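First the structure, in the form of structure tokens, and then the observations on it.
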Amino acid sequence: MSAFTPDSELELLFTPGLIPAEVKALLGSDLHMRPLAKTDLSRSHLKVLSVLTSTPDLTEAQYAQAFDRLRSCPDTYFTLVIVARETDQIVGVGSVFLEQKFTRNLGTVGHIEDIAVDKSMQGRKLGLRIINALTGISERMGCYKTILNCSDANVPFYQKCGFEKKENEMARYHSVGSLAATSTTASTIPAVSVPLAVPERLVHTPRL
């Protein structure tokens, strides 16, 4: 059994105080919600994300470099995780990133992405807790709205989280392999083995 690592011993993506205390209080004593840490590769971060889509086989250095890129954009990226205290492993994850607009009096929009819950924890409303925490962060950061994309099958879940169906999602996928070969930014990060064919995006719905 791995010893639980307190927030004070971790390099975190953002200040823990932005996570609404009322949401954390509903988790149960065996779970802890906190910002993503620089060492969370070893705590099954990517394994939990794999319920959504394929995940790359990253080294610790690659993971840390991606983490640093997120943190280099202050008040923009907010990824949080739920950790099982008994194992110090991640069992839930979600992100919200903030988009600066020139409309709406220079307003900001929160975009929720990559909500995932480990199958062993489904049925404990962790998806709902993550959504509520991310929405709370978005609101505290001054966003005038928070939006997300989901499949038709997941609409009822997000309606229970307080969202309403509005308009449609459009997507155009790209061959990231060929783009990375000519990208100056991408060249600073070691190559990662990922499939060139992009599969249809899967969206995971935690059971309520």
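Per this entry, ALA66 is counted among residues that are farther than 15 Å from PHE14 by Cβ and assigned to a helix (DSSP H, G or I).
Residues in the range 128-161 that are open to solvent by less than 30 Å² (accessible area, probe 1.4 Å), in contact (Cβ under 8 Å) with a residue 40 or more places away in the chain, farther than 17 Å from LEU18 by Cα and assigned to a loop (DSSP other than H, G, I, E, B): none. Residues in the range 5-39 that are assigned to a loop (DSSP other than H, G, I, E, B) and open to solvent by 60 Å² or more (accessible area, probe 1.4 Å): GLU11, THR15, ALA25, LEU26, SER29, ASP30, THR39.
Within the range 40-67, being open to solvent by 60 Å² or more (accessible area, probe 1.4 Å) and touching a helix residue (DSSP H, G or I) at 6+ places or on another chain (Cβ under 7 Å) holds for one residue alone: GLU60.
Select from the range 68-86 the residues that are open to solvent by 20 Å² or more (accessible area, probe 1.4 Å), within 28 Å of CYS143 (Cβ to Cβ) and of a type outside the set (A, V, I, L, M, F, W, C) and list them in ascending order. Residues satisfying the conditions are ASP68, ARG69, ARG71, SER72, PRO74, ASP75, THR76, TYR77. Of the residues making up the range 87-122, those that are open to solvent by less than 40 Å² (accessible area, probe 1.4 Å) and outside any strand (DSSP E or B) are ASP88, GLY107, ASP118, MET121.
The values are calculated or read from the model by the stated rules, or taken from the named source; none is laboratory data. Being a predicted model, the structure only gives us computed values, none of them experimental. Please note: Cβ atoms are built from the backbone with ideal geometry, for glycine as well, and neighbour counts cover all protein chains shown. When the accessible area is computed, the model is the full protein with side chains, heavy atoms only, and any ligands, DNA or RNA have been set aside. Shrake-Rupley method; radii C 1.70, N 1.55, O 1.52, S 1.80 Å.
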